[in-house]
Ligand SMILES: NC(=O)c1ccc[n+]([C@@H]2O[C@H](COP(=O)([O-])OP(=O)(O)OC[C@H]3O[C@@H](n4cnc5c(N)ncnc54)[C@H](OP(=O)(O)O)[C@@H]3O)[C@@H](O)[C@H]2O)c1
């Protein structure tokens, strides 16, 4: 494994350079504040009338309209939602300095050709492996979040050094920066979102809850069993790995997990995982993401509304009320 840490990285590669962060959302806010605290000259590029201007300025950051921020920058980081990267890049391309660096925190836009950068640009990836809120809080605690890095185009001969200095300045070098590629990061991330942690895990929690309630168990007990214990297992896995987690639980739980886990995650599940990976690689998901944006996020809005109206959510609200 090719993993680099702070001591392996030259931070001076960003000295005297200005970084424009486009977007002040989950990643934009965290990366901008970490860069600023690492002594980097940062400007936030926002659209006209953006509701984020006041918040960014209150945090001590300089803001500009996107075109002006891009025109003044040596490194431009695309931290607006992936599905608008095509339109955003078309808007900023005429303003990018010759030989500037264009950075991403997800490989999707390059892997699936939402963005085809000008050949004079360095194009790099620094993808922290977790949400912006955690990236920021870890940095403030003197720790960091592990990240992947890659270079797609090395126009100036310094793209590698810029990518690594950027990853170091946002705190990823404290935990480790692993060499990857835009394609590997994009495909693995999209696969995980759909087939594992973000897609399948919540669905299995919901299915477990609904099975117990249909079997006569009270919603509160079903919730505590099927959803409430997730954080405990996640912490055990983070501290000890999966084998270590299993050794840390009772023999009863361990035998149940051994016998039941494989009845649920059977060959059919594995075959559908292979299908999802193939769909991702063929660009089917990237096309869905674009059409979702073009439809004004109709499907996502409906899914959000429906999810709020389930028995599981009502139980979550009731349990939280009784806790407060
Ligand atoms: N979410 C994560 O934790 C995470 C983790 C790893 C990687 N990433 C990657 O990081 C990138 C950013 O994701 P994110 O979740 O941080 O995005 P996000 O929170 O949805 O980004 C919101 C920001 O984008 C701006 N924006 C939205 N639409 C825009 C438009 N049409 N023109 C200009 N600006 C626009 C918003 O502007 P206003 O302020 O004006 O509304 C806001 O400042 C993506 O490539 C994502 O895959 C995200």
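A few points about this structure:
- GNM remark for the chain: springs join alpha carbons under 10 Å apart, and the peak mean-square fluctuation among 154, 82, 266 falls on 266.
- Additional length obtainable on full extension of the chain from residue 113 to residue 306, 0.36 nm per residue less Cα span: 66.2 nm
- Computed on segment 121-270, with alpha-carbon pairs under 8 angstrom and 6+ residues apart, the relative contact order is 16 percent.
- Report note on the peptides 7-17, 249-259, 142-152: ranked by the mean count of other C-beta atoms within 10 Å, highest first, their order is 142-152, 7-17, 249-259.
- For the chain, the longest principal axis of the alpha carbon atoms and the long axis of helix 284-294 meet at an angle near 70°.
- Overall shape: oblate for segment 225-324, with the ratio a/c of the largest to smallest alpha carbon gyration tensor axis at 1.5 or above and b/c at least equal to a/b.
- Averaged over residues, the count of other Cβ atoms within 10 Å places the peptides 53-60, 185-192 in the sequence 185-192, 53-60, highest first.
- 0 to 90° range, to nearest 10: angle between helix 251-264 axis and the chain longest Cα axis: 70
- Approximate spin-label separation residue 229-residue 273, in nm, with each point projected 7 Å along Cα-to-Cβ: 2.2
- Cα-based helix-to-principal-axis angle, 311-323 vs the chain, degrees rounded to 10: 90
- For segment 129-248, the square roots a ≥ b ≥ c of the C-alpha gyration tensor eigenvalues yield an a/c of 1.5 or more together with a/b exceeding b/c, which makes the shape prolate.
- Within the chain, DSSP assigns beta bridges of which about 25% are antiparallel (rounded to the nearest 5).
- For the chain, built as a Gaussian network whose Cα springs stay under 10 Å, the top-fluctuating residue of 227, 123, 115: 227
- Based on DSSP H segments of at least four residues, each scored -39500 (n - 2.57), the chain has a per-residue ellipticity at 222 nm of -16500 deg cm²/dmol.
- GNM flexibility winner over the chain from 270, 160, 29 (Cα, springs under 10 Å): 270
Every number here is computed from the coordinates shown, using simple stated rules; none is lab data. The structure displayed is predicted, hence computed values, not measured ones. Don't worry about glycine lacking a Cβ; one is built from the backbone with ideal geometry, like all the others, and counts go over all protein chains shown.
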